[in-house]
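*Asks:* I am attaching a structure below and will ask some questions about it afterwards.
The values are calculated or read from the model by the stated rules, or taken from the named source; none is laboratory data. From a predicted model like this one, the values you see are computed outputs, not experimental measurements. Quick reminder, even Gly has a Cβ in these numbers, built from the backbone with ideal geometry, and neighbours come from all protein chains shown. In case anyone asks, the SASA skips ligands and DNA or RNA and just uses the protein heavy atoms, side chains included. Shrake-Rupley method; radii C 1.70, N 1.55, O 1.52, S 1.80 Å.
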Amino acid sequence: MAQFNQIFSLTAILAAASLLVGCNEDSGIDYYKHPYWENLDKDKPGDDPVGATKVEVKGNKLYVNGEEFFIKGAALNSLNSADGVNPFIATAIEAGANCVRIYGTTDLGATADAVKAQLDMLSAKGVYVCFGIHIDHEADGFDYNDASKRNTQVMKAKAEIDKYKGHPAILFWCVGNECDQSDKNTVNANVWKDINEIAKYIKNVDGRPAATCLTGIWDGSSIIDDVKANCTDIDILCVNNYEGDVESLNRNWQSRNVGIPYIVSEFGIRGTWNGSVAKTSFGSLIEPSSAEKAESYRKIYTNNIVANASNGCIGSFCFLWGWQTHGAVLSWYSMYDMFEKQALPTTQVMQELWTGKKPENSAPVIASVNDLKVDNGRTASQSISMTPGSTGHTATVQATDPDGDAITYDWKIVKDVVSPWGTPKSDVVTGLFSGAMGESVSFKAPAEAGYYRLMVYARDKAHGTTALAVVPFEVK
């Protein structure tokens, strides 16, 4: 009889699970009051999983184990090494970050065991994680009118949460990144309904706050109103805002009466998509020098993040603690160089802002993009052009080291193309430089017509730091 009861119980549980998978918001079934729910998962609303960190949002503040907590965070991407571990987690901790943002588990490790090991390490060091749960974008073609696809995505998200729920390193969960991306002023309401369902599940099985992430809080957009109406289980709003937009974020948060605190979940220099970014006459983006970038990060963090700590902002994540593997210009947001993994000045500025102390040794400085000159003193804004395979070109950079350390120079020419997802680094064109690489260098133009970027890294190899300047040019 006992064996029969076990079989019957298992059958009932499987039937209930099948019913839940097929449910949607119109089914009339409350996922969390279903009689079989307790058999499917023993965690109940209000119960903290064993060992979990107690994280609460009260008013417009964040509290960890009863103490107010301000996020000093670094955004990570998937740059796994051979052992499946992100190589920059340790350096973010060393610089003073108290939280890292991941967009998915591959940002921590290649396997579930590797991810859990990294979470254990972070917990042991008192550092937390904003744990990202991927949600497909309507703008990328996901059909939010297809109930079957929606249910599959929601159940996949719940399964991911089940793997890591209760881990003490998790500060909060972020469901979706920039799901408001759209070519319209509106997004299918089912996007927000599904995000809210996942948020509700997080609270049911984990108990810590849930967030979602937008590209902004914009005047005249109905999206924030849709989020407020449909995402009632969201506790925190993450906003990715960059130079040119972040300055008005707090004002927009207040005027739109968002009602929950916000995190500047990505910030950095003006985006490559921003129409006010300087360009050459042939349309290539003019990239600020690494020193100019560092000062932009300092200004944003001081004036638009810390300054609003008592006015709705509960922290931030600088972008990007590593380098991009896709996008218009891979070095644009890099805080480490993609070739030697050396730290750029933005990492040192963030260390100073997070800890209140300057690093013991300062990175080299290239003060301005105009300190890199090509062929008779021409700068990036002068739209440099060459003929295919032409020789006798020269470039000179002015770099200094505040500590008087020796500088070595690393020159590269890369194709100026948009890199698709998964591209590991820029497409370097080899065999163009001649002679020694110092503060000046001689080179020939690529044989193939097109658009290119001349890059120079001024390295302090003894301390693992570097400065960067870039000049775009065309070959025609």
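*Asks:* Only one residue in 196, 241, 145, 190 is open to solvent by less than 50 Å² (accessible area, probe 1.4 Å) and more than 24 Å from the chain's Cα centre (by Cα). Which one?
*Replies:* Numbers: 196 fails: more than 24 Å from the chain's Cα centre (by Cα); 241 fails: more than 24 Å from the chain's Cα centre (by Cα); 145 fails: open to solvent by less than 50 Å² (accessible area, probe 1.4 Å).
That would be 190, the only listed residue that is open to solvent by less than 50 Å² (accessible area, probe 1.4 Å) and more than 24 Å from the chain's Cα centre (by Cα).
*Asks:* Shifting gears a bit: Farther than 22 Å from residue 369 by Cα and of a type in the set (Lys, Arg): is that true of residue 298 in this structure? It would help to see each step written out before you state the result.
*Replies:* Values: farther than 22 Å from residue 369 by Cα: no; of a type in the set (Lys, Arg): yes.
No, not satisfied.
*Asks:* Where the second residue is not aromatic (Phe, Trp, Tyr) and the first is open to solvent by 40 Å² or more (accessible area, probe 1.4 Å) and lies in the range 374-385, which pairs have Cβ atoms under 7 Å and are six or more apart or on separate chains?
*Replies:* 378/384; 381/278; 381/286; 385/474; 385/476
*Asks:* A further question on this structure: If I ask for residues that are without any contact (Cβ under 8 Å) to a residue 12 or more places away in the chain and under 24 Å from residue 416 (Cα atoms), which ones from the range 223-280 would you list?
*Replies:* Selection gives 275, 277, 279.
*Asks:* Just the residues that are open to solvent by less than 30 Å² (accessible area, probe 1.4 Å), modelled with pLDDT of 80 or more and touching a helix residue (DSSP H, G or I) at 6+ places or on another chain (Cβ under 9 Å), please, taken from the range 47-74.
*Replies:* 53, 73, 74
*Asks:* If you don't mind, there's one more thing I want to ask. Which of the residues that make up the range 298-345 are out of contact with any helix residue (DSSP H, G or I) (no Cβ under 9 Å at 6 or more places or on another chain), of a type in the set (Val, Ile, Thr) and modelled with pLDDT of 95 or more?
*Replies:* Result: 314, single match.
*Asks:* Any residue in the range 115-144 that is under 21 Å from residue 239 (Cα atoms) sitting within a Cβ distance under 6 Å of a residue that is polar (S, T, N, Q)? List the pairs, counting only those 6 or more apart or interchain.
*Replies:* 137/181; 138/188; 139/181; 139/182
*Asks:* Something else: From the list 310, 296, which residue is touching an Asp or Glu at 6+ places or on another chain (Cβ under 7 Å), among the small types (Gly, Ala, Ser) and surrounded by fewer than 22 Cβ atoms within 10 Å (Cβ to Cβ)?
*Replies:* 296
*Asks:* For the structure I just gave you, tell me whether residue 399 is buried (at least 16 other Cβ atoms within 10 Å of the Cβ) and under 22 Å from residue 269 (Cα atoms). Reasoning before the result, please.
*Replies:* On the way: buried (at least 16 other Cβ atoms within 10 Å of the Cβ): yes; under 22 Å from residue 269 (Cα atoms): yes.
Judged against the criteria, residue 399 is a match.
*Asks:* Hey, residue 331 hits all of (1) of a type in the set (Ser, Thr, Tyr); (2) closer than 22 Å to residue 445 by Cβ; (3) without any contact (Cβ under 8 Å) to a residue 60 or more places away in the chain but one; which does it fall short on?
*Replies:* In the conditions (1) of a type in the set (Ser, Thr, Tyr); (2) closer than 22 Å to residue 445 by Cβ; (3) without any contact (Cβ under 8 Å) to a residue 60 or more places away in the chain, residue 331 misses (3) alone.
*Asks:* Determine whether residue 273 is within 29 Å of residue 322 (Cβ to Cβ), open to solvent by 40 Å² or more (accessible area, probe 1.4 Å) and out of contact with any helix residue (DSSP H, G or I) (no Cβ under 9 Å at 6 or more places or on another chain). Steps first, answer last, please.
*Replies:* Numbers: within 29 Å of residue 322 (Cβ to Cβ): yes; open to solvent by 40 Å² or more (accessible area, probe 1.4 Å): yes; out of contact with any helix residue (DSSP H, G or I) (no Cβ under 9 Å at 6 or more places or on another chain): yes.
For residue 273, the condition - within 29 Å of residue 322 (Cβ to Cβ), open to solvent by 40 Å² or more (accessible area, probe 1.4 Å) and out of contact with any helix residue (DSSP H, G or I) (no Cβ under 9 Å at 6 or more places or on another chain) - is met.
*Asks:* Of all the residues that make up the range 288-328, how many are within 18 Å of residue 414 (Cα to Cα) and either without any contact (Cβ under 8 Å) to a residue 60 or more places away in the chain or not in a loop (DSSP other than H, G, I, E, B) (or both)? I'd like the intermediate steps shown before the answer.
*Replies:* Taking the range 288-328 as the starting set, the residues that turn out to be within 18 Å of residue 414 (Cα to Cα) are 288-290, 323-328.
Cutting the leftovers down to either without any contact (Cβ under 8 Å) to a residue 60 or more places away in the chain or not in a loop (DSSP other than H, G, I, E, B) (or both) gives us 290, 327.
Qualifying residue count for the region: 2.
*Asks:* If we keep just the residues of the range 318-333 that are among the small types (Gly, Ala, Ser) and open to solvent by 10 Å² or more (accessible area, probe 1.4 Å), which is farthest from residue 72 (Cα to Cα)? It would help to see each step written out before you state the result.
*Replies:* Within the range 318-333, the subset among the small types (Gly, Ala, Ser) is 322, 327-328, 331.
Narrowing further to those that are open to solvent by 10 Å² or more (accessible area, probe 1.4 Å): 327-328.
Numbers: 327: 26, 328: 27 Å.
Among residues in the range 318-333 that are among the small types (Gly, Ala, Ser) and open to solvent by 10 Å² or more (accessible area, probe 1.4 Å), the one farthest from residue 72 (Cα to Cα) is 328.
Yes/no per residue for (1) closer than 30 Å to residue 416 by Cα; (2) under 18 Å from the mean Cα position of the chain (by Cα):
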{"residue": "303", "(1), (2)": "no, no"}
{"residue": "312", "(1), (2)": "no, no"}
{"residue": "318", "(1), (2)": "yes, yes"}
{"residue": "325", "(1), (2)": "yes, yes"}
{"residue": "329", "(1), (2)": "yes, yes"}
{"residue": "333", "(1), (2)": "yes, yes"}
{"residue": "336", "(1), (2)": "yes, yes"}
{"residue": "340", "(1), (2)": "yes, no"}
{"residue": "344", "(1), (2)": "yes, yes"}
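Okay, residues lined up against (1) modelled with pLDDT under 95; (2) in a helix (DSSP H, G or I); (3) of a type in the set (D, E, K, R):
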{"site": "82", "(1), (2), (3)": "yes, no, no"}
{"site": "97", "(1), (2), (3)": "no, no, no"}
{"site": "101", "(1), (2), (3)": "no, no, yes"}
{"site": "148", "(1), (2), (3)": "no, yes, no"}
